[in-house]
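Structure, as structure tokens:
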Amino acid sequence: MDASSATFEEFVLARQHRLLSVAYLLTRDLQRAEDLVQEALVKAYLRWDRGPGIAQPDAYVRRIVVNEFISGRRRRSASEQPTDTADLIDVAAPSKDPDEQLAMWRALGVLTPRERAVLVLRYYEGFTDREIADHLGCAEGTVRSLATRAYAALRAQPGLLDRAKETS
Amino acid sequence: MNSLDQVLRETLQERAAAIPVPADLTSRVIAEGRRRARRSAVALTGLAAVAVLGVGITAAAVVAGGGLPATVSPGGATGAPAPHEHEPLVTTGECAGLTVTFGDASQGDPANPPPVPDDVQALRAGDGNRVQMARQDLKWLRASGPCADRLILRTPGELVFGNQSRFADGVLGQADRVAVLFTNTGSDGTDTFELGLWAWCGTDSDCSGLVPLATVTVDVIGTTDLPSGAVVTSTP
């Protein structure tokens, strides 16, 4: 294996879990998450040792994952119904409060892809609205609007426990 | 932080922590990347052959006819280079400097492109671009500069077609991308194609988030005894 491949391999090994995590939180399906990440990494590989290369490979791959998820969902069906976890390849998650987190996980399934992407980037990646806007290719105001709608949708879910709806 | 935020954060973190990582992801990615790189090289060889064929046909026409056929221009148009030649399509924002040029098949060998072809001109933002093609013609669109990898080609009409929606990656190196535009019609007419940017759009995506940058009117005139080089851009 040449030096550029070794460098790329190191990048994948170091970042694959984080990238898979983002993809899984978006898709809620482990197989789809792997497909998204693999596709994004292949695109990164093809650019890795060409010209100036990729300045921020982590952001580059994550951006592809997020936008492929959003555009892929749009392409599949505009009338696609929110799904429960039953038909997805799920992972078992240890939890401090299994019922509460299961309710939240299911509630996340009713969000639109862009709404879910905003919440995942904000609460899992810890991104600012500006950074989220950069990933989604939209304005910061759009990010805030999507977040507001996502919160409203989550609060409207009957399965979400009361404690999660409280504000302090 | 309210409780909703807290439960949301905990849920995402704990779900993510439980994800297994496939042991062979790296090798799968590299194998697929190498396969696509080989496939891309084969495809580009084919495209280059088409371009070379176009040059050969033109050369034969020149020999048989004793000279280059006259260029057919639409009314009021001129094939002379415009003063804004090779000015960027985008002049502000993160994509400032993105340039798209339009040229003949004779300029289209992606393996050995001339640095600044004389008869290739830049397209500009808006709907003021007008170009000419023959009925069985082939021309190249070449994108360079920032955001070239986000450039999308749309050919919604019936006379002008593109070889792909995305500009091909890796044709001319990191900063340059190429798309092929061709006509396949038995009669003259007018059609359009569009160039736009999309935040990120996979090769099979519907690209419905496309933001158009330029709409180009194509006058399809005459038979294919040339690449004419008659690229006409109207004044603002």
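Table for the structure above
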{"quantity": "Some residue of the range B:175-197 being at pLDDT below 75, surrounded by fewer than 21 Cβ atoms within 10 Å (Cβ to Cβ) and within 22 Å of A:H135 (Cα to Cα)", "calculated": "yes"}
{"quantity": "Residue, nearest to B:V216 (Cα to Cα), within the range B:87-104, restricted to residues that are touching a strand residue (DSSP E or B) at 6+ places or on another chain (Cβ under 8 Å) and among the polar types (S, T, N, Q)", "calculated": "B:T101"}
{"quantity": "Residue match in the range A:22-30 (condition: at pLDDT 90 or above, of a type in the set (V, I, T), under 27 Å from A:L111 (Cβ atoms) and buried (at least 21 other Cβ atoms within 10 Å of the Cβ))", "calculated": "yes"}
{"quantity": "Of the criteria (1) closer than 30 Å to B:S3 by Cβ; (2) at pLDDT 60 or above, which one A:D84 fails", "calculated": "(2)"}
{"quantity": "Lone qualifier among A:R15, A:R73 - being assigned to a helix (DSSP H, G or I), out of contact with any strand residue (DSSP E or B) (no Cβ under 7 Å at 6 or more places or on another chain), at pLDDT 90 or above and more than 10 Å from chain B (Cβ to nearest Cβ)", "calculated": "A:R15"}
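The values are calculated or read from the model by the stated rules, or taken from the named source; none is laboratory data. What you are looking at is a predicted structure, and each value in this text was computed from that prediction instead of being measured. Backbone-built Cβ (ideal geometry, glycine too); neighbour counts: all protein chains shown.
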